[in-house]
1. I'd like the accessible area for Ser375, computed on protein heavy atoms only with a 1.4 Å probe and all protein chains in place. Round to 10 Å², please.
2. Scan around Ile362 for amide H atoms under 5 Å from its own, H built in the peptide plane at 1.01 Å from N, and keep only partners 5 or more places away or cross-chain.
3. Would you work out which of Ile411, Ala39, Phe188 lies farthest towards the positive end of the dipole of the chain, given +1 charges on the beta-carbon of Lys and Arg and -1 on that of Asp and Glu, about the Cα centre?
4. Which part of region 126-149 falls in the paramagnetic zone of Thr158, meaning amide N under 13 Å from the point 7 Å along Cα-to-beta-carbon?
5. Output the relative contact order of region 296-373, whole-number percent, from Cα pairs under 8 angstrom with separation of 6+ residues.
6. Leaving ligands, DNA and RNA out of it, report the carbon-plus-sulfur percent of the accessible area of region 237-292 at a 1.4 Å probe.
7. In whole Å, what are the extents of region 23-79 along the principal axes defined by its C-alpha atoms, from largest to smallest?
8. Using a Gaussian network model of the chain whose springs link C-alpha atoms within less than 10 Å, name the residue from Gly389, Gly294, Gly113 with the highest mean-square fluctuation.
Amino acid sequence: MKYRRVKGCYDLYPHAEEQWRDPLMWNLIEGAARSVSLAFALSEIRTPAFEYTDVFLRTVGASSDIVSKEMYTFEDRAGRSISLRPEITAPVLRAFIENSLHQSGKTRLFYIGSCWRYDRAQKGRYRQFSQFGIELIGSHDATVDVEAITCLLEFYRTLGLKGTKLLINSIGDLDVRHKFGEALREYFTPHKENLSEDSKRRLFENPLRIIDSKDECDRKVSQNAPTITEFLTTQQKEHFAYVCETLDESGIIYEISPHLVRGLDYYCDTVFEVVAEGDAQAQNTLGAGGRYDGLLQQMGGPDLPGVGFATGIERVIQHLLKQEDAKLQEVPEFFFIGLNEMCKRKLLPFVTDFRRKKKASILHHGSNQLKKALSAADKSGAQYAVILGESELEKGIVKVKNLISREEEEISFNRLCEISQEFEKQHGR
Ligand code: HAM
């Protein structure tokens, strides 16, 4: 019998056939997420993979696609309804309340973790996927909306991700969405026959999802639909105008997208998405987020507003890999080659020293033939090979070969120590 992984899932393993499934890539992306989070003074939070189903029902929303069609829900042995988390905002707020994080002032949080959605499996859309996200809790200021957006864009910038577009909109509050929903129902009902099967259902359950649909027929019918902007209160319009002005002042380019409403019920006011340009597929959204004032209180916590985003790690890696100039692998800088056991032993303390100075180094353990060892060095992606053979050992020198320019020079053991000291100075330690 042959076992297979569950549909919509994937394995990560070294040198995976598809590069996005190589753990090296993931370490790189997660490293960037952590360093950007640190720069934004965010603290990490980790919550369980599953929650009581209620955590999602009244937050993400019972009528949302995520809860109604995509959640992995089951009863545990004691008959409690449990769901694998389809997103991480609601669990983070549950944990925020349960652990009284507002009292310790831990209101700026980030997370990296898996989510599960029973979605139609295809490239960029998985049943287990990973998100990097942040939640900024406690301020109504429009500046904080922009801070969340900036953090997302900084993450992409750090990775050198190009070809993205920021879309923003304001969706007001529940009252606004209720009135807007009624107007949409009125608009779409005469066109019902032209809508997709999903949208025919949405017409009664959640008409806002129709204008957000990626289905071609839905898009056509939606073209002249009313926009939510017409329903916003003066205060909501002012908040949104302030967000736009602050983005302008920060030099952030964006497009106002009046049909952007998002698929989760907890949002209010500002919502945003970053999409991959020139990729019209449904899974071109790299990251998304928005404001959720009132959600914490609704979940039984303090009356504090919040704003955040999450970005799918698989999609980010896949988009990066489409770029020709993407620099995606963590490679060693130095590849040490000892041409016999004695030479290897002599090199080992140097390797350890270089590693202490944060210079990624490998000591070659394969063939003692120079040609084969150099070919392994090339394969590793290292920048320099440090070679020690019997004759070099006698002279107290090593050969350093630049694996890109192929230039070679001889340097003494003492000089190798000095180079290592210089690395230390560079690190300021
Ligand atoms: P979301 O739009 O549902 O928002 O998901 C955020 C990102 O997760 C998407 O933009 C996409 O990159 C990725 N994603 C979603 N579903 C899949 C899937 N099936 N396969 C691969 N990637 C996927 C949220 O989850 C909100 N909690 C974001 C947020 C945080 N809002 C405020 N704070």
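1. Around 70 Å² of this residue is reachable by solvent.
2. Phe334, Phe335, Phe336
3. Ranked along the dipole, the leading option is Ile411.
4. 132-134
5. Reported relative contact order: 24 percent.
6. The computed percentage sits at 47.
7. Dimensions of region 23-79 along the principal axes of its Cα atoms: 41, 23, 21 Å.
8. Looking only at Gly389, Gly294, Gly113, the largest GNM fluctuation is found for Gly389.
The values are calculated or read from the model by the stated rules, or taken from the named source; none is laboratory data. These numbers were taken from a predicted model, which means no experiment stands behind them. Glycine gets a Cβ as well: all are built from the backbone with ideal geometry, and neighbour counts include every protein chain shown. To get the accessible areas, we keep the full protein, side chains included, count just its heavy atoms, and leave off ligands, DNA and RNA. Shrake-Rupley method; radii C 1.70, N 1.55, O 1.52, S 1.80 Å.
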